[in-house]
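The values are calculated or read from the model by the stated rules, or taken from the named source; none is laboratory data. All of these numbers come straight from a predicted model, not from anything done at the bench. Neighbour counts run over all protein chains shown; Cβ positions are idealised from the backbone, glycine included. SASA here: full protein model, heavy atoms, side chains in, ligands and nucleic acids out. Shrake-Rupley method; radii C 1.70, N 1.55, O 1.52, S 1.80 Å.
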Amino acid sequence: MPLPTVLTSLLELRRPPVRRVLLKQIYFTGNEAAFIVLLIGFALGGIVVSQLHDQYGQSREAAQRLLAMLSFREITPLMVGLVLIARSSSAVASELASMRVHGELRSLMRFGIDPVAYLILPRVLGMTIASALLGFLLATSVQIGGAVFASGADVSYELLQVDRVLTPGMVLTCLGKSALFGMAASLVACVVGLRAKPYVTEIPKASSRAVVRGLIAVFLIDLVWSLVG
């Protein structure tokens, strides 16, 4: 997408209908997935700490430090990307494919409404913002789950010492990778949905393609990040 088109579309966020679509996308992607993310993070933290502490003899502090490094830098962004692809990417792709099949995109253009500004930008920006927030939420729940399983009744002490195992770099990496994965998943979903053929049978196919291609995109980006970093 050319830079002038992107800038023009960003200016459309001043319009209330575009902002409503953006807020709805953030709500659908972030708020509705928050409880799932909390459960996954708590269980994941307990599993990792149990393996490190019980089976490999790591001390509680060492297990928490290793857990923070793994969750904030690698596990959390990837898990958030997978959750978003499973929940939101398929929904976005099928919605846009349905609009294409039923001629709603042509109707928008007839009324002078830019589909990029009204449909694509709010969904991409909404999933990107929600992904970063979910990434931080998941990483935090992972640390809480790990502290509970490692310390039991002394969990409050472990949580108060969280600044000893976390660094600003870890938090920024978590937010950055989560946002990047969310952006990639949303862009893939939008492209797949808009390129669907004008047949009803293409709607479920678009949903499936969005999931598969989103997974490929996220894992490739993660690989490149690891090699560059």
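Please work out how much accessible surface Thr173 shows to a 1.4 Å probe, ignoring ligands, DNA and RNA, in Å² rounded to 10.
Its accessible surface works out to 40 Å², give or take rounding.
If packing is taken as the average count of other Cβ atoms within 10 Å, what order do 17-23, 79-85 fall into, highest mean first? If you can, show how the numbers build up before the last one.
Details: 17-23: 15.4, 79-85: 25.0.
Descending packing order for the listed peptides: 79-85, 17-23.
Take peptides 33-41, 141-149, 101-109 and line them up by average Cβ neighbours within 10 Å, highest first, as a rough protection proxy. Before the final figure, lay out the partial values.
On the way: 33-41: 18.0, 141-149: 24.1, 101-109: 13.7.
Ranking, from highest mean packing down: 141-149, 33-41, 101-109.
How far apart, in nm, are the 7 Å Cα→Cβ label points at Glu32 and Arg19?
2.3
When all protein chains stay in place, what accessible area (Å², nearest 10, 1.4 Å probe) is found for Lys197?
120
Between Leu39 and Met69, what is the label-point separation in nm under the 7 Å Cα-to-beta-carbon projection?
3.2
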